[in-house]
1. So N62 passes all but one of these: (1) more than 14 Å from the chain's Cα centre (by Cα); (2) surrounded by fewer than 17 Cβ atoms within 10 Å (Cβ to Cβ). Which condition number does it fail?
2. With respect to S114, determine if the residue is farther than 20 Å from A56 by Cα and either modelled with pLDDT under 95 or touching a Phe, Trp or Tyr at 6+ places or on another chain (Cβ under 6 Å) (or both).
3. May I ask you to list the residues in the range 155-165 that are buried (at least 21 other Cβ atoms within 10 Å of the Cβ) and either out of contact with any strand residue (DSSP E or B) (no Cβ under 9 Å at 6 or more places or on another chain) or under 15 Å from S186 (Cβ atoms) (or both)?
4. Could you tell me whether the range 77-90 includes any residue that is at negative phi, modelled with pLDDT of 85 or more, surrounded by fewer than 24 Cβ atoms within 10 Å (Cβ to Cβ) and in a strand (DSSP E or B)?
5. On the given criteria, is D136 farther than 22 Å from Y181 by Cβ, under 16 Å from the mean Cα position of the chain (by Cα), modelled with pLDDT of 75 or more and of a type in the set (D, E, K, R)?
6. Any idea which residue in the range 93-111 is modelled with the lowest pLDDT, counting only those that are surrounded by fewer than 21 Cβ atoms within 10 Å (Cβ to Cβ) and not in a helix (DSSP H, G or I)?
7. I'd like to know if the range 167-183 contains one or more residues that are surrounded by 18 or more Cβ atoms within 10 Å (Cβ to Cβ), part of a strand (DSSP E or B) and within 15 Å of the chain's Cα centre (by Cα).
Amino acid sequence: MDNPALNLHASAVASRPAATVLAVTSGKGGVGKTNIAANLAVCLAAAHRRVLLMDADLSLGNLDLVMDIHSKYNVSHVISGDKSIEEIVQDGPQGLQIICGASGLDRLADISESEQHRLMEHLCRLQYDTDTIVIDTAAGISRPVISFCLAADRVLVVTTPEATAMADSYGMIKVLVRKGYAGPISLLVNMARTTAEGKQVYQRMADVAQKFLRANLYYAGTLPKDERLCAAVRSRTPVVLAYPKSEISSSLAVIAARLGGTGRGRQADESFFRRVIRWLN
């Protein structure tokens, strides 16, 4: 059943392009995915873009810790109808807007139709008032994670040179390709010993993806191990703000420009958040 309020809102924004949506994901935890998503979002916001950073970890979201945000409310309060989306959005650095994750969102696929419409109505308002949405998914290949990725305009898969991380990242890529994902999939190699090692990891995975999946895998970049990144995490500050002149901050800015320069997202015929619900169901 259609929701009249949602249809009215969709009609009002029909002439506006939707934000470009970048989903940052990984096959396994511990590869630095959330930290990378946060820093890329800050870099995009610093380039005078209207950016929304959303924690879509449906059970163990920790974006609030990385950004040092004390969030009292989250998406679950929008689903319940207790808060509007504007009331849960947090202000971040460089004008960045942030939605923190929440335990309990693992039931997103099981919420009622009216709750789904309520959530979509609120989230759609944000998509047409921003330029870029960065989604920090949970790790792994659960149904909610895959749904967020399939609905995005572009997917960034984060891995490390470790064999287990590479295998799990390839597993994520394989699932997306076999489900017919049409957008570009990029690989970022984190915690590499050198840039050369990162490029070797990318080339190896790109060759396998081409051979067995007939899919192109794009190179986003390499982030070598850097103690300043660890220090920034301990201080709960994105490294691009804590050490703006460092090499790793420069690398993150270049990667953000590369990923953010893909143009506007899909038109208002179906919003990103509508696509998420469709894939979940």
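The values are calculated or read from the model by the stated rules, or taken from the named source; none is laboratory data. On a predicted model such as this, the values are computed, not experimentally measured, just so you know. Every residue, glycine as well, gets a Cβ built from its backbone with ideal geometry; the counts of neighbours run over all protein chains shown.
1. So the condition that N62 fails would be (1).
2. Yes; evaluated as a whole, the condition is true for this residue.
3. Result: V155, L156, V157, V158, T159.
4. yes
5. Spelling it out, it is not the case that D136 is farther than 22 Å from Y181 by Cβ, under 16 Å from the mean Cα position of the chain (by Cα), modelled with pLDDT of 75 or more and of a type in the set (D, E, K, R).
6. Ranking the qualifying residues of the range 93-111, first place goes to G104.
7. no
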